[in-house]
Amino acid sequence: MTINISCLRAFMQWTAGIFLSLHFISACAGQNNQITASTLNYPPYEYKENGQAKGIAVDVIREVMRRVGKYEVSFTFYPWKRAVYTVQHGLSDVLFNAGKNQARQEWGYYVDSVLIQQSYVLFKRRSDNFSVEPNFNNVKDKSIAVRRAYLYGSGAFREALDSQRFMNILYSDSTKQSVDLLLHNRVDMFVGDFLPVLYYINKQDLNDQIDIVSHDGEWMEVLSWPTYLLFSKQRTTPEFVTKVKDAMDSMKQDGSFQKITDSYKQH
C-alpha cells in the first residue's frame, strides 16, 4: 500500500490538534468539579488551622464555587511570589487576593468583583513618638518593612517607595516577619493591612508594644487596595469567569458575603 505523504502529514496535524484541545479541556478550571486555588497564609482572610483552610476569602470562594456549579476547591498556601507563579504558569486555576496590574492581565482573567477591600496603615513601636506626613516628605531618617512582591498601587505611598524617600527599605514575607523586624529594632515602621495585622497582634498579645502611625492625631491610611480572584488563562475561559462574577455579585446582594466578613471580625 502506498502512503500519500501529504495526507499523512495532514492527519498528524489533525490528531495533534485534537490532542491539544483535549489537553486544554482537561486542564480547564472546573473540570471534574475541582478548582485549585493558590494564595498565601494571611489570616483572617485565608489561613490553615488544624490542616483545614479557613478565612473570609476561603469561605467566600467556597460559596461562590458552590453557586457556580457545586465545585470543590482545594487551597494551597505559598509565599506570595510562589503563589503568583503557580497561576501564571498554569499550575493552579486561581490566585487570590490579587491586586490588579497590567502585567497580570497578560496571563490571567480578573473576576470583576472585589473580593477583599484592604486598608493599609503604618505600624510602629508604641514607645516611639513620631508621625508621618501624607506626602512622606518627613521619612528620610526612617526605615520601613514592606511585603515582598506586593504592588501597593500607584499613589503617594508607592511613589515614596519608588523615589527612595525612606532611609532604608527591608522586605518581609509575612506579618510575623514584619512584626519581628519592628520589635528587634531593624526598622522604624512597617506597612500592613489593618485587619490581618490587628488579628496577629491580638493573637500574640502585642497590643502594648505596637501602635499605628498617625497624622494630626488620626490613624493614617496610606492605601485602600481592592483585591480580586485571578484565573489562569491557561486553565479557564472568560465565560467561566463571568459565571464566577455573577455568583459573587449575588452573594453581595443577598447579604451572605457581608455575613461571612462579619463572622471573622467577631473572632
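Would you please state the base-10 log of I(q)/I(0) at q = 0.15 1/Å for the chain, with intensities from the Debye formula using one equal scatterer on every alpha carbon?
The Cα Debye sum returns log10 ratios of -1.11.
List, largest first, the extents of the alpha carbons of region 140-267 along their principal axes, each in whole Å.
Projected onto its principal axes, the Cα set of region 140-267 covers 51, 35, 29 Å.
Direction-averaged shadow area of the convex hull around the Cα atoms of region 180-241, nm²?
Projected over every direction and averaged, the Cα hull of region 180-241 covers 7.3 nm².
Using 7 Å Cα-to-Cβ label points, what is the H89/D254 separation (nm, one decimal)?
Label at H89, label at D254, 3.9 nm between them.
Just round it to a whole percent: the fraction of Cα-Cα distances in region 103-162 exceeding 20 Å.
For region 103-162, the fraction of Cα-Cα distances above 20 Å is 43 percent.
Below 13 angstrom from the Cβ of Y110, what's the summed charge of the other residues (Lys, Arg +1; Asp, Glu -1)?
With Lys, Arg at +1 and Asp, Glu at -1, the neighbours total +2.
With the calculation restricted to Cα positions, what are the radius of gyration and Dmax of region 68-120 in angstrom?
Taking only Cα atoms of region 68-120, I get Rg and Dmax of 12.0, 35 Å.
Less than 24 Å apart at the alpha-carbon level, and either on another chain or at least 8 residues along: which lysines does that give for K81?
Result set, ordered by chain and number: K48, K54, K100, K176, K233.
How much of the accessible area of the chain, probe 1.4 Å, is carbon plus sulfur, in whole percent? Present the calculation step by step, with values, prior to reporting the outcome.
Details: 7000 of 14180 Å².
Looking at the chain in its full context, I get 49 percent from C and S.
HN-Hα J couplings of region 217-223 from phi, Karplus 6.51/-1.76/1.60, θ = phi - 60°, integer Hz, Gly and Pro as x?
Ordered by residue, 3J(HN,Hα) equals x, 10, 4, 9, 7, 8, 6 Hz.
How far is it, in nm, from the label point at T76 to the one at E218 when both lie 7 Å from their Cα along the line to the Cβ?
About 4.5 nm, to one decimal.
Over the alpha-carbon set of region 54-176, work out the extent along each principal axis and list the three values in angstrom, largest first.
Result, largest extent first: 53, 32, 23 Å.
Please give the contour-minus-distance gain from N202 to N32: 0.36 nm per residue of separation, less the Cα-Cα distance, rounded to one decimal in nm.
In short, 57.1 nm is gained.
Would you work out which of F157, F123, N33 lies farthest towards the positive end of the dipole of the chain, given +1 charges on the beta-carbon of Lys and Arg and -1 on that of Asp and Glu, about the Cα centre?
After comparing all options, I get N33.
What number comes out for accessible area per residue over region 129-264 if the probe is 1.4 Å? Units Å², please.
On a per-residue basis, region 129-264 sits at 50 Å².
Summing Lys, Arg as +1 and Asp, Glu as -1, what charge do residues with Cβ under 14 Å from the Cβ of L206 carry, L206 excluded?
My count for the surroundings of L206 gives +1.
The values are calculated or read from the model by the stated rules, or taken from the named source; none is laboratory data. The shown structure was predicted, so the numbers you read here are calculated from the model rather than taken from an experiment. Because the Cβ atoms are built from the backbone with ideal geometry, glycine has one as well, and the counts that use them run over all protein chains shown. We work out accessible area using only protein heavy atoms, side chains counted, and drop any ligands, DNA or RNA first. Shrake-Rupley method; radii C 1.70, N 1.55, O 1.52, S 1.80 Å.
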